[in-house]
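No value in this document is a laboratory result; all are computed from the given coordinates. Here the structure is a predicted model, which is why all the values come from computation and not from measurement. Cβ sites come from the backbone with ideal geometry, for glycine too, and all protein chains shown count toward neighbours.
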Amino acid sequence: MKMIRTLDVTQDEFYNYLESEIREQYSKAKNTLYNGDIKEGMTYSTAAAEHQPMTVTINCYIRNKRYKATIESHVDTITIDYQTEESDNGLNIIFIQEIDSFNKQKHNKLMRWFSEGVYYGRMSDTLFDIQKKIHSKRPNNN
């Protein structure tokens, strides 16, 4: 599924946020991640007590352009892809999400329409949550 949104953030803010999230997940696995370590082909596992174990593989990382990763668990495989470009109105983001279990299921038209609506809603929420978190870290974020 593909969604295009414009967020009120800069490319640097967006990619700094993504990198901080990756560093946090990576450090939970008791590893250290340095600047420049986030790159295509990088793989790490998470095993936080409150979540199921997952393996994350970065398929593409071009800072300020694109981040694509595959997240595998014993339940499902999800691929997320953020492609970005700055504009006068903010950061244009093409967000593509592929969920293997959804793609493989055969749905009747009504069920597919309903499921797609739910997934699009979650995708939109994800992007606006990222924007909200970035805004909360800005100085003078009154």
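Quick look at the numbers
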{"item": "Computed label-point distance, nm, for sites H74 and T57 using a 7 Å Cα→Cβ extension", "result": "2.0"}
{"item": "Distance in nm between pseudo-label sites at K132 and T10 (7 Å out along the Cβ direction from Cα)", "result": "2.4"}
{"item": "FRET E, pair Y119, S45, Förster distance 30 Å, beta-carbon r, rounded to 0.05", "result": "0.75"}
